[in-house]
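Please treat every number below as a calculation from the coordinates, not as lab data. Quick caveat, the model's predicted, so the values are computed rather than measured. Reconstructed Cβ throughout: ideal geometry from the backbone, glycine too, with neighbour counts over all protein chains shown.
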């Protein structure tokens, strides 16, 4: 199975996260969790992960990030997805993580999330 949806959250760079106060990061993660729940309420139910999944995150932003900043900035989003039990774990044995980016031009910055089942048994 394959599911695709978008959230109005732009994956921040690792540099932005590193200079952010820990309490601000915590509030950002809480807000992101609520955004995900709200978005998922509007689409067909995604079953709890029972096996390995491919998670593709596509950052649609006005400027590009270098690859290490992109992957490190995606950690918060991956953790929220895992907490919602859409991934068994964020360990490479359980998730094939791909983080990409595209320029969005004048449209609103956001993140596209694509989840795909790779196998169905633990």
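Values for this structure:
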{"read-out": "Residues that are over 20 Å from residue 105 (Cα atoms) and within 10 Å of the chain's Cα centre (by Cα), drawn from the stretch 44-80", "value": "55, 56, 73, 74, 75, 76, 77, 78, 79, 80"}
{"read-out": "Boolean, residue 110 is at positive phi and surrounded by fewer than 18 Cβ atoms within 10 Å (Cβ to Cβ)", "value": "no"}
{"read-out": "Residue satisfying all of: in the stretch 1-37; touching a residue at least 60 places away in the same chain (Cβ under 8 Å) and in contact with a helix residue (DSSP H, G or I) (Cβ under 6 Å, 6 or more places away or on another chain); nearest to residue 86 (Cα to Cα) among these", "value": "5"}
{"read-out": "Selected residue (only one of 70, 57, 40 is in contact with a helix residue (DSSP H, G or I) (Cβ under 7 Å, 6 or more places away or on another chain) and either surrounded by 16 or more Cβ atoms within 10 Å (Cβ to Cβ) or part of a helix (DSSP H, G or I) (or both))", "value": "57"}
{"read-out": "Residue list for the stretch 83-100, filter: assigned to a strand (DSSP E or B) and free of Cβ contacts under 8 Å to residues at least 60 places away in the same chain", "value": "95, 96, 97, 98, 100"}
